[in-house]
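Here's the structure, in C-alpha coordinates; my notes come after.
The values are calculated or read from the model by the stated rules, or taken from the named source; none is laboratory data. As the structure is a prediction and not an experimental result, all values here were calculated from the model. Positions of Cβ are generated from backbone atoms using ideal geometry, with glycine treated the same way; all protein chains shown enter the neighbour counts. Surface accessibility is based on the protein's heavy atoms, side chains included, excluding ligands, DNA and RNA. Shrake-Rupley method; radii C 1.70, N 1.55, O 1.52, S 1.80 Å.
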Amino acid sequence: MVVEVERPKRQTRRRTGKSDPIDAEAAARAVQAGTATGLPKTGDGPIEMIRSLQAVRRSALKARTQAANQLHALVITAPDALRGELRRSSLPQLVAQAGAFRTSLPLTTPTAATQLALKVLARRYQQLCAEVEALDTQLGQLVAQAAPELLAVKGVSTITAACLLVTAGDNPERLRSEAAFAHLCGVAPIPASSGKTTRHRLNRGGDREANKALYLLAVRRMGWDPATRAYVARRTTEGLSKLEIIRCLKRYLARELFPLLAANQLLATTAALPAAPMIDRGNQR
(Lines give C-alpha, C1' and ligand atoms only; values in the text may rest on other atoms or scores of the structure.)
Protein backbone atom coordinates (compact mmCIF):
# COMPACT_ATOMS: atom_id res chain seq x y z
CA MET A 1 0.00 0.00 0.00
CA VAL A 2 1.25 3.46 -0.93
CA VAL A 3 0.45 6.46 1.30
CA GLU A 4 0.87 10.08 0.25
CA VAL A 5 2.88 12.05 2.81
CA GLU A 6 2.99 15.83 2.86
CA ARG A 7 6.27 17.65 3.23
CA PRO A 8 7.30 18.49 6.81
CA LYS A 9 6.33 21.83 8.25
CA ARG A 10 8.88 24.60 7.96
CA GLN A 11 9.26 24.86 11.73
CA THR A 12 10.15 21.18 11.89
CA ARG A 13 12.64 21.52 9.04
CA ARG A 14 14.34 24.46 10.76
CA ARG A 15 14.68 22.41 13.94
CA THR A 16 15.80 19.07 12.49
CA GLY A 17 17.33 20.05 9.17
CA LYS A 18 16.82 18.40 5.79
CA SER A 19 18.38 15.38 4.11
CA ASP A 20 17.14 12.22 2.42
CA PRO A 21 17.42 10.07 5.59
CA ILE A 22 15.74 12.74 7.72
CA ASP A 23 12.88 13.12 5.23
CA ALA A 24 12.46 9.33 4.98
CA GLU A 25 12.29 8.99 8.76
CA ALA A 26 9.79 11.86 9.03
CA ALA A 27 7.60 10.23 6.36
CA ALA A 28 7.70 6.86 8.13
CA ARG A 29 6.83 8.44 11.47
CA ALA A 30 3.89 10.31 9.90
CA VAL A 31 2.50 7.06 8.49
CA GLN A 32 2.96 5.16 11.76
CA ALA A 33 1.33 7.96 13.73
CA GLY A 34 -1.68 7.97 11.43
CA THR A 35 -1.30 11.62 10.43
CA ALA A 36 -0.59 10.66 6.80
CA THR A 37 -3.47 8.60 5.41
CA GLY A 38 -4.01 10.02 1.92
CA LEU A 39 -3.92 7.75 -1.09
CA PRO A 40 -2.00 9.08 -4.11
CA LYS A 41 -3.45 9.35 -7.59
CA THR A 42 -2.85 6.30 -9.70
CA GLY A 43 -2.33 8.11 -13.01
CA ASP A 44 -3.01 5.05 -15.13
CA GLY A 45 -6.40 5.79 -16.70
CA PRO A 46 -8.29 8.23 -18.92
CA ILE A 47 -7.97 11.08 -16.40
CA GLU A 48 -4.19 10.96 -16.76
CA MET A 49 -4.68 11.30 -20.51
CA ILE A 50 -6.87 14.35 -19.93
CA ARG A 51 -4.28 15.85 -17.58
CA SER A 52 -1.51 15.53 -20.15
CA LEU A 53 -3.52 17.16 -22.92
CA GLN A 54 -4.77 19.87 -20.60
CA ALA A 55 -1.21 20.78 -19.56
CA VAL A 56 -0.13 21.12 -23.19
CA ARG A 57 -3.25 23.13 -24.02
CA ARG A 58 -2.54 25.53 -21.18
CA SER A 59 0.99 26.17 -22.41
CA ALA A 60 -0.26 26.62 -26.00
CA LEU A 61 -2.77 29.23 -24.85
CA LYS A 62 -0.05 31.07 -22.95
CA ALA A 63 2.26 31.05 -25.96
CA ARG A 64 -0.58 32.21 -28.24
CA THR A 65 -1.28 35.14 -25.94
CA GLN A 66 2.40 36.07 -25.94
CA ALA A 67 2.49 35.96 -29.74
CA ALA A 68 -0.57 38.23 -29.97
CA ASN A 69 0.96 40.71 -27.52
CA GLN A 70 4.21 40.76 -29.49
CA LEU A 71 2.30 41.40 -32.70
CA HIS A 72 0.59 44.47 -31.23
CA ALA A 73 3.88 45.68 -29.71
CA LEU A 74 5.71 45.42 -33.02
CA VAL A 75 2.96 47.35 -34.77
CA ILE A 76 3.32 50.17 -32.26
CA THR A 77 7.08 50.47 -32.86
CA ALA A 78 6.95 49.80 -36.61
CA PRO A 79 7.95 52.46 -39.19
CA ASP A 80 5.30 55.12 -39.84
CA ALA A 81 3.97 53.75 -43.12
CA LEU A 82 3.64 50.21 -41.82
CA ARG A 83 2.18 51.36 -38.51
CA GLY A 84 -0.44 53.48 -40.25
CA GLU A 85 -1.44 50.47 -42.34
CA LEU A 86 -1.85 48.04 -39.42
CA ARG A 87 -2.62 50.04 -36.28
CA ARG A 88 -6.43 49.98 -36.71
CA SER A 89 -6.64 46.25 -37.53
CA SER A 90 -8.20 43.80 -35.14
CA LEU A 91 -6.22 40.74 -34.10
CA PRO A 92 -7.65 38.39 -36.77
CA GLN A 93 -7.14 41.06 -39.43
CA LEU A 94 -3.61 41.74 -38.20
CA VAL A 95 -2.72 38.04 -38.31
CA ALA A 96 -4.11 37.72 -41.83
CA GLN A 97 -2.32 40.85 -43.10
CA ALA A 98 1.00 39.97 -41.46
CA GLY A 99 0.85 36.38 -42.67
CA ALA A 100 0.42 37.59 -46.27
CA PHE A 101 3.55 39.79 -46.26
CA ARG A 102 6.10 38.99 -48.95
CA THR A 103 9.64 39.38 -47.70
CA SER A 104 12.90 39.09 -49.57
CA LEU A 105 16.35 38.31 -48.26
CA PRO A 106 18.72 39.87 -47.49
CA LEU A 107 16.88 42.49 -45.44
CA THR A 108 17.84 46.02 -46.40
CA THR A 109 15.43 48.30 -44.50
CA PRO A 110 13.80 48.41 -41.04
CA THR A 111 10.41 48.06 -42.74
CA ALA A 112 11.42 44.77 -44.36
CA ALA A 113 12.77 43.43 -41.06
CA THR A 114 9.58 44.40 -39.25
CA GLN A 115 7.46 42.76 -41.93
CA LEU A 116 9.44 39.54 -41.58
CA ALA A 117 9.08 39.62 -37.79
CA LEU A 118 5.33 40.21 -38.06
CA LYS A 119 4.98 37.38 -40.57
CA VAL A 120 6.81 34.94 -38.28
CA LEU A 121 4.64 35.92 -35.33
CA ALA A 122 1.47 35.63 -37.41
CA ARG A 123 2.38 32.13 -38.57
CA ARG A 124 3.25 31.18 -35.00
CA TYR A 125 -0.14 32.46 -33.83
CA GLN A 126 -1.95 30.47 -36.53
CA GLN A 127 -0.02 27.32 -35.67
CA LEU A 128 -0.85 27.67 -31.97
CA CYS A 129 -4.52 28.22 -32.82
CA ALA A 130 -4.47 24.96 -34.78
CA GLU A 131 -2.82 23.18 -31.83
CA VAL A 132 -5.43 24.46 -29.38
CA GLU A 133 -8.25 23.44 -31.70
CA ALA A 134 -6.85 19.93 -32.12
CA LEU A 135 -6.36 19.57 -28.36
CA ASP A 136 -9.90 20.79 -27.69
CA THR A 137 -11.23 18.12 -30.03
CA GLN A 138 -9.33 15.34 -28.27
CA LEU A 139 -10.23 16.67 -24.82
CA GLY A 140 -13.89 16.79 -25.78
CA GLN A 141 -13.85 13.13 -26.76
CA LEU A 142 -11.98 11.99 -23.64
CA VAL A 143 -14.12 14.00 -21.22
CA ALA A 144 -17.34 12.82 -22.89
CA GLN A 145 -16.21 9.22 -22.41
CA ALA A 146 -14.98 9.70 -18.83
CA ALA A 147 -17.87 11.73 -17.37
CA PRO A 148 -20.90 12.18 -19.65
CA GLU A 149 -23.14 12.95 -16.65
CA LEU A 150 -20.87 15.83 -15.66
CA LEU A 151 -20.98 17.35 -19.14
CA ALA A 152 -24.78 17.07 -19.11
CA VAL A 153 -24.96 19.64 -16.31
CA LYS A 154 -25.87 23.02 -17.77
CA GLY A 155 -22.97 25.45 -17.62
CA VAL A 156 -20.26 22.80 -17.30
CA SER A 157 -17.97 23.10 -20.31
CA THR A 158 -15.39 20.59 -21.46
CA ILE A 159 -12.54 22.54 -19.87
CA THR A 160 -14.42 22.92 -16.56
CA ALA A 161 -15.18 19.20 -16.48
CA ALA A 162 -11.56 18.38 -17.36
CA CYS A 163 -10.24 20.49 -14.47
CA LEU A 164 -12.55 18.79 -11.97
CA LEU A 165 -11.77 15.32 -13.31
CA VAL A 166 -8.02 15.91 -13.08
CA THR A 167 -8.43 17.07 -9.49
CA ALA A 168 -10.37 13.93 -8.57
CA GLY A 169 -7.94 11.66 -10.43
CA ASP A 170 -8.29 8.19 -11.88
CA ASN A 171 -9.05 6.76 -8.44
CA PRO A 172 -11.58 9.19 -6.93
CA GLU A 173 -12.51 6.61 -4.29
CA ARG A 174 -9.64 8.10 -2.29
CA LEU A 175 -11.98 11.06 -1.63
CA ARG A 176 -14.01 10.01 1.39
CA SER A 177 -16.86 12.49 1.00
CA GLU A 178 -18.00 15.65 -0.71
CA ALA A 179 -16.40 17.62 2.14
CA ALA A 180 -13.01 16.07 1.28
CA PHE A 181 -13.53 17.06 -2.35
CA ALA A 182 -14.40 20.60 -1.28
CA HIS A 183 -11.17 20.82 0.73
CA LEU A 184 -9.25 19.43 -2.23
CA CYS A 185 -10.68 22.22 -4.43
CA GLY A 186 -10.02 24.89 -1.80
CA VAL A 187 -13.68 25.88 -1.49
CA ALA A 188 -14.29 24.68 2.08
CA PRO A 189 -14.27 27.69 4.43
CA ILE A 190 -11.77 27.50 7.27
CA PRO A 191 -13.09 28.25 10.81
CA ALA A 192 -11.45 31.37 12.24
CA SER A 193 -13.55 31.97 15.34
CA SER A 194 -12.31 33.51 18.54
CA GLY A 195 -14.23 34.21 21.72
CA LYS A 196 -17.72 35.40 20.93
CA THR A 197 -16.83 36.00 17.27
CA THR A 198 -17.84 33.16 14.97
CA ARG A 199 -16.62 33.46 11.43
CA HIS A 200 -14.93 31.60 8.57
CA ARG A 201 -12.06 32.72 6.41
CA LEU A 202 -11.11 32.07 2.81
CA ASN A 203 -9.39 28.75 2.11
CA ARG A 204 -6.24 29.53 0.13
CA GLY A 205 -5.21 25.89 -0.23
CA GLY A 206 -6.36 23.16 -2.55
CA ASP A 207 -6.16 22.81 -6.31
CA ARG A 208 -6.38 26.32 -7.73
CA GLU A 209 -7.40 25.14 -11.20
CA ALA A 210 -10.42 23.32 -9.74
CA ASN A 211 -11.15 26.37 -7.61
CA LYS A 212 -11.11 28.53 -10.74
CA ALA A 213 -13.43 26.11 -12.55
CA LEU A 214 -15.97 26.23 -9.71
CA TYR A 215 -15.67 30.02 -9.57
CA LEU A 216 -16.45 30.41 -13.28
CA LEU A 217 -19.37 28.02 -12.99
CA ALA A 218 -20.76 29.96 -10.02
CA VAL A 219 -20.48 33.26 -11.89
CA ARG A 220 -22.25 31.78 -14.91
CA ARG A 221 -25.10 30.47 -12.79
CA MET A 222 -25.56 33.88 -11.21
CA GLY A 223 -26.48 35.11 -14.67
CA TRP A 224 -29.05 32.54 -15.83
CA ASP A 225 -30.10 30.18 -13.01
CA PRO A 226 -33.29 31.41 -11.21
CA ALA A 227 -32.54 29.47 -8.02
CA THR A 228 -29.00 30.89 -7.85
CA ARG A 229 -30.24 34.42 -8.49
CA ALA A 230 -32.83 34.05 -5.74
CA TYR A 231 -30.12 32.79 -3.38
CA VAL A 232 -27.87 35.74 -4.26
CA ALA A 233 -30.71 38.18 -3.61
CA ARG A 234 -31.49 36.61 -0.22
CA ARG A 235 -27.88 36.56 0.94
CA THR A 236 -27.37 40.13 -0.27
CA THR A 237 -30.24 41.30 1.95
CA GLU A 238 -28.51 39.48 4.82
CA GLY A 239 -25.45 41.67 4.36
CA LEU A 240 -23.05 39.38 2.48
CA SER A 241 -20.80 40.81 -0.19
CA LYS A 242 -20.64 39.44 -3.72
CA LEU A 243 -17.35 37.66 -3.05
CA GLU A 244 -18.73 36.00 0.07
CA ILE A 245 -21.79 34.82 -1.85
CA ILE A 246 -19.61 33.36 -4.60
CA ARG A 247 -17.61 31.47 -1.98
CA CYS A 248 -20.82 29.96 -0.64
CA LEU A 249 -21.91 29.03 -4.17
CA LYS A 250 -18.59 27.32 -4.88
CA ARG A 251 -19.08 25.17 -1.79
CA TYR A 252 -22.58 24.19 -2.91
CA LEU A 253 -21.31 23.38 -6.41
CA ALA A 254 -18.65 21.09 -4.97
CA ARG A 255 -21.40 19.18 -3.15
CA GLU A 256 -23.57 19.01 -6.27
CA LEU A 257 -20.86 17.88 -8.69
CA PHE A 258 -19.05 15.43 -6.43
CA PRO A 259 -21.37 12.45 -7.15
CA LEU A 260 -20.96 13.04 -10.89
CA LEU A 261 -17.19 12.62 -10.62
CA ALA A 262 -17.58 9.04 -9.40
CA ALA A 263 -15.48 6.71 -11.51
CA ASN A 264 -16.59 3.49 -9.82
CA GLN A 265 -19.49 2.09 -7.85
CA LEU A 266 -17.75 2.54 -4.49
CA LEU A 267 -17.56 6.32 -4.79
CA ALA A 268 -21.05 6.47 -6.29
CA THR A 269 -22.40 4.67 -3.21
CA THR A 270 -20.51 6.97 -0.88
CA ALA A 271 -21.68 10.07 -2.72
CA ALA A 272 -25.30 8.88 -2.64
CA LEU A 273 -25.35 8.78 1.16
CA PRO A 274 -27.15 11.73 2.80
CA ALA A 275 -24.63 14.36 3.71
CA ALA A 276 -24.78 16.46 6.82
CA PRO A 277 -26.29 19.88 6.14
CA MET A 278 -23.68 22.56 5.64
CA ILE A 279 -23.92 25.46 8.05
CA ASP A 280 -24.95 28.50 6.06
CA ARG A 281 -23.26 31.33 7.97
CA GLY A 282 -23.84 34.91 7.02
CA ASN A 283 -20.42 36.01 8.29
CA GLN A 284 -18.53 33.47 6.17
CA ARG A 285 -15.35 34.95 4.72
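Annotations
- GNM remark for the chain: springs join alpha carbons under 10 Å apart, and the peak mean-square fluctuation among Ala117, Ala55, Ala28 falls on Ala28.
- Label positions at Arg176 and Asp225, each projected 7 Å from the Cα along the C-beta direction, are separated by 2.7 nm.
- Whole-angstrom Cα spans of segment 1-98 along principal axes, big to small: 73, 38, 18
- R0 of 35 Å, Cβ-Cβ distance Asp23-Met49: FRET efficiency to nearest 0.05: 0.65
- Proximal lysines to Lys250, defined as alpha-carbon separation beneath 17 angstrom and excluding residues fewer than eight positions away on the same chain: Lys154, Lys212, Lys242
- Förster-model FRET efficiency, 51 Å R0, Ala192 and Phe101, C-beta, rounded to 0.05: 0.30
- Two-site FRET efficiency, Thr37 against Ser90, from Cβ-Cβ distance with R₀ of 51 Å, rounded to 0.05: 0.40
- Computed magnitude of the charge dipole of the chain (debye, nearest 20; Cβ of K, R +1, Cβ of D, E -1): 1320
- The largest-to-smallest principal axis extents of the Cα set in the chain are 73, 57, 43 Å.
- For segment 71-179, the Cα gyration tensor yields ellipsoid semi-axes of 46, 13, 12 Å (square root of five times each eigenvalue, largest first, whole Å).
- Between Val3 and Ser241, the contour length at 0.36 nm per residue exceeds the alpha carbon distance by 81.6 nm.
- Projected area, mean over directions - segment 171-221, Cα convex hull, nm²: 4.8
- GNM top mover of Ser157, Ser59, Ser194 - the chain, alpha-carbon springs below 10 Å: Ser194
- The chain, relative contact order in percent, only Cα pairs under 8 angstrom and at least six apart counted: 17
- In summary, the lysines within cross-link reach of Lys18, defined as a Cα separation below 29 angstrom excluding same-chain residues under 8 places away, comprise Lys9, Lys41.
- Among Ala147, Ala27, Ala188: highest mean-square fluctuation, GNM of the chain, C-alpha pairs under 10 Å: Ala27
- Carbon plus sulfur fraction of accessible area for segment 86-223, probe 1.4 Å, in percent: 52
- Fully extended contour minus Cα-Cα distance, from Thr65 to Gln138, at 0.36 nm per residue: 24.1 nm
- Accessible-area value, Glu238, 1.4 Å probe, nucleic acids and ligands omitted, Å²: 100
- The aspartates and glutamates whose alpha-carbon is closer than 16 Å to the alpha-carbon of Lys119, local same-chain residues fewer than 8 away aside, are Glu85.
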